[in-house]
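Chemist: Have a look at the structure that comes next, please.
Quick note: the coordinates plus some simple rules give every number you see, no bench work behind them. Bear in mind the structure is a predicted one, so any value in this text is a computation, not a measurement. Cβ placement follows ideal geometry from the backbone for every residue including glycine, while neighbour counts extend to all protein chains displayed.
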Amino acid sequence: MAISYQATPFPVRADIIAAHNTAWDRLARAGAWLDAATRVAIAAETRHAVTCRLCMRRKQALSPHSVAGEHDSLGVLGQPTVEQIHRVVTDPARLTRGWFDALIAAGISDAEYVESVGVIATVVSIDTFCRAIGAPPHPLPVAIAGQPHRRRPRTAHQRGEAWVAMIHPKDLEGALDTPEERQLAAYWAGTLANIRRALSLVPEEAYAWFQLVEAQYLPGKWMRDFSWEFRAITHAQIELIAGRVSVLNQCFY
């Protein structure tokens, strides 16, 4: 089912509608490491996490590790995956390296972790957009049969910059093994901030996430072009909103 905003009280730009449809279509298909059914299940659990009683108690506690219990989940995914989803959704500012290492020890691979974060971020972003304009959340898509390709990019390295391996732009110079790496190299085309590299262990997630970001925020080439205002509000107004949202979410990037 195609995403449409015709019934909403505010007009929505065509590029945003297209980006949301692309994101929803990707959600329904096998990714790099997760099959489509798992990706859709992660999306459903992402929405469910906000009602979890354990997460609510942990959010109020001085430390989330001081509150034991089991998550209220939909019962489809394993507990390590549920823990990842619920913590990323409800309390991301207090995630620690020890918490991440425990997920890896429980059987989640670093690449699966990264792809799951991509799915979570996509769902939260589009759901938040809907809430902001007074639209109901979109029905989740039906999973399409297919298997993940499970290609780990040779160019991704662990340099101590993050908990997971990432690709550096210099890694993409020369011969590349996979179409995902080649797509990312063409898109990046130069040195980038770490935020654009965060999901690059799964290159198609990094690429797809910023296609959504560019529609909802600004393309990279526009961010520092102050000679023209590309949106209905100014650069300064956009950054004021972004800064306020970051503070409320305790995002220290």
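Chemist: Give, as a single signed number, the net charge of other residues whose beta carbon lies under 14 Å from the beta carbon of H235, with Lys and Arg counted +1 and Asp and Glu -1. Working shown, then result.
Modeler: Values: positive: K221, R224, R231; negative: D225, E229, E239.
Residues near H235 contribute 0 overall.
Chemist: Now for a separate question. What length, rounded to one decimal in nm, is gained on full extension from T234 through to W222, with 0.36 nm per residue of separation minus their alpha-carbon distance? Write down the numbers at each step before the final one.
Modeler: Values: separation 12, 0.36 × 12 = 4.32 nm, distance 1.16 nm.
Difference between extended and current length: 3.2 nm.
Chemist: In whole Å and largest first, what semi-axes does the C-alpha gyration tensor of the chain yield when each eigenvalue is scaled by 5 and square-rooted? Working shown, then result.
Modeler: Details: eigenvalues 141, 120, 81 Å².
Result for the chain: semi-axes of 27, 24, 20 Å.
Chemist: With Cβ to Cβ distances under 12 Å as the rule, what net charge do the other residues near N194 carry (K, R +1; D, E -1)? Walk me through the intermediate numbers first.
Modeler: Values: positive: R159, R196, R197; negative: E161.
Residues close to N194 contribute a combined charge of +2.
Chemist: Could you sort 241-252, 9-20 so that the peptide with the highest average Cβ count within 10 Å comes first and the rest follow in order? Present the calculation step by step, with values, prior to reporting the outcome.
Modeler: Details: 241-252: 10.4, 9-20: 13.7.
The peptides rank, most packed first, as 9-20, 241-252.
Chemist: For the pair N194/A61, report the inter-label distance in nm, with labels modelled 7 Å from Cα in the Cβ direction.
Modeler: Rounded to a tenth, the inter-label distance reads 2.8 nm.
Chemist: Longest exposed-loop-site-free stretch of the chain, with GluC sites (Glu not before Pro), DSSP loop and at most 13 other Cβ within 10 Å?
Modeler: Values: sites that count: E70, E161, E173.
For GluC sites (Glu not before Pro) (loop position, at most 13 other Cβ atoms within 10 Å), the longest site-free span of the chain is 71-160.
Chemist: Moving on to the next point. What is the ratio of the Cα radius of gyration of segment 22-92 to 2.2 N^0.38 Å, where N is its residue count, to two decimals?
Modeler: Details: Rg = 13.3 Å, N = 71, 2.2 N^0.38 = 11.1 Å.
Its radius of gyration relative to the 2.2 N^0.38 Å reference: 1.19.
Chemist: Here's something else I'd like to know. Consider a paramagnetic label point 7 Å from the Cα of T8 along Cα→Cβ; state which residues of segment 202-227 have an amide N under 19 Å from it.
Modeler: 209-219
Chemist: In bins 10 Å wide, starting from 0, what share of all Cα pairs of segment 159-210 does each bin hold, as a percent?
Modeler: Bins of 10 Å from zero give 27, 61, 12 percent of pairs.
Chemist: Go through segment 158-167 residue by residue and turn each phi into a ³J(HN,Hα) via Karplus (6.51, -1.76, 1.60, θ = phi - 60°); whole Hz please, and just put x for glycine and proline.
Modeler: 9, 10, x, 7, 8, 6, 10, 5, 9, 9
Chemist: Now for a separate question. Evaluate segment 104-253: find the radius of gyration of its Cα atoms, find its Kirkwood radius, and give the ratio Rg to Rh.
Modeler: On the way: Rg = 17.1 Å, Rh = 17.5 Å.
Result: Rg/Rh = 0.98.
Chemist: Let me ask another. Looking at the chain, which Cys residues are left with no other cysteine's beta carbon under 4.7 Å from theirs?
Modeler: C130, C251
Chemist: Sticking with this structure for a sec: If each residue of separation counts as 0.36 nm, what is the full-extension length gain between R159 and A242 once their alpha-carbon separation is subtracted?
Modeler: Working: separation 83, 0.36 × 83 = 29.88 nm, distance 2.91 nm.
The span from R159 to A242 would gain 27.0 nm if fully extended.
Chemist: From the phi angles alone, apply the Karplus equation (6.51, -1.76, 1.60; θ = phi - 60°) to segment 140-147 and give each ³J(HN,Hα) in whole Hz, x where the residue is Gly or Pro.
Modeler: 5, x, 7, 4, 9, 4, x, 10
Chemist: Tell me the Rg and the Dmax, in Å, that the Cα atoms of segment 97-185 produce.
Modeler: Cα-based Rg and Dmax for segment 97-185 come out at 16.7, 48 Å.
Chemist: Suppose we keep just the alpha-carbon trace of segment 207-253; what are its Rg and Dmax in angstrom?
Modeler: Radius of gyration, then largest Cα-Cα span, for segment 207-253: 11.5, 31 Å.
Chemist: Who wins for biggest fluctuation among G174, G69, G107 in a Gaussian network model of the chain, springs between alpha carbons below 10 Å?
Modeler: Its mean-square fluctuation being the largest, the pick is G174.
Chemist: Given the Cα-Cα distance of D91 and F252 and 0.36 nm per residue of separation, how much length would full extension add, in nm?
Modeler: Working: separation 161, 0.36 × 161 = 57.96 nm, distance 1.36 nm.
Additional length available on full extension: 56.6 nm.
Chemist: With the radius of gyration and the Kirkwood radius both derived from the Cα set of segment 66-121, what is their ratio Rg to Rh? It would help to have the intermediate numbers written out before the result.
Modeler: Working: Rg = 10.8 Å, Rh = 11.8 Å.
Using only Cα positions, Rg/Rh for segment 66-121 is 0.92.
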